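Written out below as structure tokens is the structure these notes cover.
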Amino acid sequence: VKYFKTLKGKRYNFPMFFPDATRGVIRAIDSKDIEDTKTPGVLVNTYHLFQELEEKTIKKFNGISKFMDWKGAIVSDSGGFQVMSIVKKSGSRGEVTDEGVIFYPTRKRKIIFTPEKSIEIQLALKTDMIVVLDDFTPSNADKKTAKETVERTIDWAKRSKDYFDKKTKNLIKAKKPYLIAVVQGGKYQALRKYCAEKLLKIGFDGFGYGGWPINESGDFDYKSARTISENVGKDSIVWGLGIGKPEEIVGCFKLGFNVFDCVLPTRDARHKRLYIYNTDSIDKIDVYKDKFYSFYSAGKRSLLNDNSPVSRVCDCLLCSRYSRAYLAHLFRIGDISAHRLATIHNLRFYSILMEKLIESRG
Ligand SMILES: [Zn+2]
């Protein structure tokens, strides 16, 4: 795939970064704000939307994009990560069966979340790219457990694909969302390879990096990233699910990944952690250089006399209009606009990162 195409017919260059608009909103900012940061798309969370909104609301608005009046690309996850986190937490009532995930969000409520259900909700959301439900390989899994999660992931992927094909058989190709499967297998590279090959055979538009991308020494697991990228075919979308830190995005992009999503820029912004490029003009940014950025802590009292912008490199609303002092003041008095301006800034940092990677590809 050369471009990402939305159901509305818009095209975007890869790589793309999708910040998390979990419940159809990025905290503290609205769709117009997101647009102004030049962020091409957002990710919504299937499980949370399914909990918060009724199906008839989604149908009435003809999808989540229209509901939030978002004009860019929009993608959804399978909801699996949230559901699995609830179930695999020790002491929780619930289990993963071959049929699907069974759990009890409240004492009286029982939910069976199946691969088919996940596809059904995502099709109702009308997102441009949807992900099939998978069985998360725990980071401490032994080989036998890892193998079981891989087999179930493959089985669920097959069921998802069948269901997707049935539900979209009357749609022309341009009106079908991209369908993404998830490669599991934990640290076991042979299992990762096996999983990727089986999924590739079933046939998907793209493949995601499943499980925790952190190895036993606590570093980013590039080994698995490489195994996935090398075994999913040249023309696939390769999605670093939940990835990540700027340097991890660059590292995975070098290995062939072209889609990313993460809560980091928006969550960090609300914790006064801003990202700034370590150079003095936008043209000089080199994202392949070590330490190409640093963190800026926005709420310190000592900043109250600093008249300079947070970053001279950045052209966001915060940096083009307000001083470090004013932002520090807004944070210190606990005003919501501090969250808005900081979030806008961090999203612009990530959209510049994508622009630089696109440029570097030529
Ligand atoms: Zn800025």
Counting only residues that are more than 16 Å from the ligand (Cβ to nearest atom) and outside any helix (DSSP H, G or I), which one in region 261-275 is most open to solvent (accessible area, probe 1.4 Å)? H271
Suppose we keep only residues that are β-branched (V, I, T) and either within 25 Å of F253 (Cβ to Cβ) or open to solvent by 10 Å² or more (accessible area, probe 1.4 Å) (or both) within region 306-341. Which one would you say is nearest to the ligand (Cβ to nearest atom)? V313
Tell me yes or no: at least one residue of region 116-125 is open to solvent by 30 Å² or more (accessible area, probe 1.4 Å), of a type in the set (K, R), in a helix (DSSP H, G or I) and touching a residue at least 40 places away in the same chain (Cβ under 8 Å). no
Does S65 count as under 19 Å from I180 (Cα atoms) and within 17 Å of the chain's Cα centre (by Cα)? no
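Does V83 satisfy the condition of being open to solvent by less than 80 Å² (accessible area, probe 1.4 Å), in contact with a Gly (Cβ under 7 Å, 6 or more places away or on another chain) and in a helix (DSSP H, G or I)?
Working: open to solvent by less than 80 Å² (accessible area, probe 1.4 Å): yes; in contact with a Gly (Cβ under 7 Å, 6 or more places away or on another chain): no; in a helix (DSSP H, G or I): yes.
No, not satisfied.
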Restricting attention to region 53-94, report how many residues are farther than 24 Å from P213 by Cβ, acidic (D, E) and modelled with pLDDT of 90 or more. 1
In region 31-58, how many residues are over 23 Å from S360 (Cα atoms), within 18 Å of the chain's Cα centre (by Cα) and among the charged types (D, E, K, R)? 1
Can you spot a residue in region 271-280 that is farther than 22 Å from P15 by Cα and acidic (D, E)? yes
Could you pull out the residue among V96, V25, V1 that is more than 17 Å from the chain's Cα centre (by Cα), over 28 Å from I172 (Cβ atoms) and either open to solvent by less than 40 Å² (accessible area, probe 1.4 Å) or not basic (K, R) (or both)? V96
Output the number of residues of region 171-220 satisfying the condition of being in a loop (DSSP other than H, G, I, E, B) and in contact with a Cys (Cβ under 9 Å, 6 or more places away or on another chain). 4
Hey, I344 within 11 Å of the ligand (Cβ to nearest atom), open to solvent by 20 Å² or more (accessible area, probe 1.4 Å) and either under 21 Å from the mean Cα position of the chain (by Cα) or in contact (Cβ under 8 Å) with a residue 40 or more places away in the chain (or both) or not: no
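Take the residues in region 296-305 that are open to solvent by 70 Å² or more (accessible area, probe 1.4 Å) and either within 12 Å of the ligand (Cβ to nearest atom) or not in a loop (DSSP other than H, G, I, E, B) (or both), then tell me which one is farthest from E247 (Cα to Cα). Write out each step before concluding.
Taking region 296-305 as the starting set, the residues that turn out to be open to solvent by 70 Å² or more (accessible area, probe 1.4 Å) are 300-302, 305.
Those left that are additionally either within 12 Å of the ligand (Cβ to nearest atom) or not in a loop (DSSP other than H, G, I, E, B) (or both): 301-302, 305.
On the way: R301: 30, S302: 29, N305: 32 Å.
Among residues in region 296-305 that are open to solvent by 70 Å² or more (accessible area, probe 1.4 Å) and either within 12 Å of the ligand (Cβ to nearest atom) or not in a loop (DSSP other than H, G, I, E, B) (or both), the one farthest from E247 (Cα to Cα) is N305.
One line per residue, one yes/no per condition, for (1) aromatic (F, W, Y); (2) in a loop (DSSP other than H, G, I, E, B); (3) within 24 Å of K356 (Cα to Cα):
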residue: N307; (1), (2), (3): no, yes, no
residue: V310; (1), (2), (3): no, yes, yes
residue: V313; (1), (2), (3): no, yes, yes
residue: L318; (1), (2), (3): no, no, yes
residue: F331; (1), (2), (3): yes, no, no
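Which is more than 16 Å from the ligand (Cβ to nearest atom) and either open to solvent by 30 Å² or more (accessible area, probe 1.4 Å) or under 18 Å from the mean Cα position of the chain (by Cα) (or both), of Y288, Y293?
Details: Y293 fails: more than 16 Å from the ligand (Cβ to nearest atom).
When all the criteria are applied, what remains is Y288.
The values are calculated or read from the model by the stated rules, or taken from the named source; none is laboratory data. These numbers come from a predicted model, not from an experiment. In this analysis, Cβ positions are derived from the backbone assuming ideal geometry, glycine residues included, and neighbour counts consider all displayed protein chains. Heavy atoms of the whole protein, side chains included, go into the accessibility calculation; ligands, DNA and RNA do not. Shrake-Rupley method; radii C 1.70, N 1.55, O 1.52, S 1.80 Å.
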